[in-house]
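The values are calculated or read from the model by the stated rules, or taken from the named source; none is laboratory data. Since the model is a prediction, treat every value here as computed from it, not as a measurement. Cβ: placed from backbone, ideal geometry, glycine included. Neighbour counts: every protein chain shown. In case anyone asks, the SASA skips ligands and DNA or RNA and just uses the protein heavy atoms, side chains included. Shrake-Rupley method; radii C 1.70, N 1.55, O 1.52, S 1.80 Å.
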Amino acid sequence: MAIRVITDKCIGCGICVKVCPFDAIDMIDKKATIKDNCTLCGQCVEACPVDAIVKDEEEVQSKINIDDYKGVWVFAEQRSGEVLNVSIELLGEGRKIADKRGVELSAVLLGKDLDENAEKLIKYGADKVLKVDHEKLENYTTDAYAKVISDLIEDKKPEIMLIGATTIGRDLGPRVSAKVATGLTADCTRLEIDEEDGKLLQTRPAFGGNLMATIVCPNNRPQMSTVRPGVMEKAKYNENAVGTIENIEIEFKDGDLKTEVLEIVKSEKETVALDEAPIIVAGGRGVQTGEGFELLEKLAEKLGGVVGASRAAVDEGWIEHSHQVGQTGTTVRPKLYIAAGISGAIQHLAGMQSSDCIVAINKNPDAPIFKVADYGIVGDLFEVLPELLEALDNVDDIVTALKAVES
């Protein structure tokens, strides 16, 4: 899909410029000209009094030869110089897809002073790193990142593009897909290759998580997906891995960038990295109050983990949204997940059922959480958790005594 101006019809009235919400139209020689930041909203099409602006899908389709598109790309998101875990997860999944397609796996890395991260991405399995090092890319802005990536796509023509469904990824993905006139499947939880025709099968929850929808993009390229953090298994680090780092030179022209980051102010409020935690102790409606979460915090601290929560607990205001696990929160796969007072709604299960070991504590023996649990304790969490804490204290005492004897 594209917005096109029929110049012979355009009378230069300027109405389209006034109605465009994104300043994506200029008047050049008294003719409307669509700029690169057009989002295809169509307001100019409706407003044009002489039908000189049209949506033209056939024109774009005719320019695309799907056979020209090769390779799997992963957007390697980094913040403050650190590559996010979701990028490593996508490299792991991208490696499988690239091997099935018999193509190259590339990581797209944007930012400033990227040499160390580029090498790291090679060690995690990328055949090539497309490194774009520029001071304007040090901090994320939508227009800068979207322009660079869409230009790269049009030049190098990847078959598949994977982006983490982070705050940045959910902003970037739709803008890039609109610029290169392709589709985007959001919040995927599974990716596969169709054995018959090689298309990417993109699966995501639908209708509140009550069913899974598999989506394909048959007529456009690249096939683009955002993937939820914590869903895919991380790529394995290989110190001996080798690959190619390609330095991409770019230049921003006047008018390319509409925003500029002047200052970054970090919140003083402590945040929780649920997707990176090896142990999570999560509470639901059964915790009953905000004070009830103090018991979970003690257990999490004892185990060296963090506190999670169901949506019900967050909606009650007992704990902040940053702790929420589930379809509308964070998808996690820790080594140990303790679910206390969580019944197990399908939206919550979708966000934690890939955990290595799940321990469920609930008074209701028929709670759905027990169907995915490796270990289940039927009982009152306010009785069970203190006993667990006492048992852990006893273990600590025994370990301390043994060390004293050895010394």
For region 84-148, size of Cβ-based charge dipole, Lys and Arg +1, Asp and Glu -1, in debye: 320
Among the aspartates and glutamates, select those whose C-alpha is under 18 Å from the C-alpha of K258, and discard any that sit fewer than 8 residues away in the same chain. D23, D26, D36, E135, E138, D143, D151, D171
Toward the positive end of the charge dipole of the chain, about the Cα centre and with charges on Cβ (Lys, Arg +1; Asp, Glu -1), which of A350, Y124, I361 goes farthest? A350
Could you name the aspartates and glutamates whose alpha carbon sits less than 15 Å from that of K136, not counting residues in the same chain fewer than 8 places away? D113, E249, E251, D254, D256, E260, E263
Beta carbons within 10 angstrom, averaged per residue: use that to sort the peptides 125-131, 189-195, highest first. 125-131, 189-195
Note down the nm distance, to one decimal, between modelled labels 7 Å out along Cα→Cβ at D115 and at M212. 4.4
Top positive-direction residue, dipole computed over the chain with Cβ charges, set M224, I168, G308: M224
Mind grabbing the base-10 log of I(q)/I(0) for region 290-361 at q = 0.11, 0.15, 0.19 Å⁻¹? Debye formula, identical points on the C-alpha positions, no solvent, two decimal places. -0.23, -0.43, -0.72
When the dipole is taken about the Cα centre of region 286-370, and only Lys, Arg (+1) and Asp, Glu (-1) are charged at their Cβ, what size is it in debye, to the nearest 20? 300
Cysteines in the chain that, by Cβ-Cβ distance, have no pairing candidate under 4.7 Å: C10, C13, C20, C38, C41, C48, C188, C217, C357
Approximate spin-label separation E104-I28, in nm, with each point projected 7 Å along Cα-to-Cβ: 3.2
Region 230-318 accessible area per residue, 1.4 Å probe, protein heavy atoms, integer Å², reads 67
Along the positive direction of the dipole of the chain (beta-carbon charges: Lys, Arg +1; Asp, Glu -1; about the Cα centre), which of G111, T141, L385 reaches farthest? T141
Given 16 as the ceiling on other Cβ atoms within 10 Å, longest exposed-site-free region of the chain for chymotrypsin sites (Phe, Trp or Tyr not before Pro) in DSSP loops: 23-206
For the chain, which whole percent of the accessible surface, found with a 1.4 angstrom probe, sits on carbon and sulfur atoms? 47
Alpha carbon Rg of region 86-212, scaled by the compact-globule rule 2.2 N^0.38 Å: 1.08
Among the helices of the chain (complete DSSP H runs), which have Cα atoms covering no less than 27 Å along the helix axis and a Kyte-Doolittle mean of at least 0.0? 381-406
DSSP-assigned coil residues among GluC sites (Glu not before Pro) in region 277-372, each with at most 15 further Cβ atoms within 10 Å: E291, E320
Cα-based reach from K236 at 28 Å (exclusive), listing lysines while leaving out same-chain residues under 8 positions away: K70, K96, K100, K112, K120, K123, K128, K131, K156, K157, K199, K335
Rg/Rg_globular for region 5-135, with Rg_globular taken as 2.2 N^0.38 Å and Rg from C-alpha atoms: 1.51
Computed for the chain: size of charge dipole around the Cα centre, +1 on C-beta of each Lys and Arg, -1 on C-beta of each Asp and Glu, debye to nearest 20, value 960
If N is the residue count of the chain, its Cα Rg over 2.2 N^0.38 Å rounds to 1.17
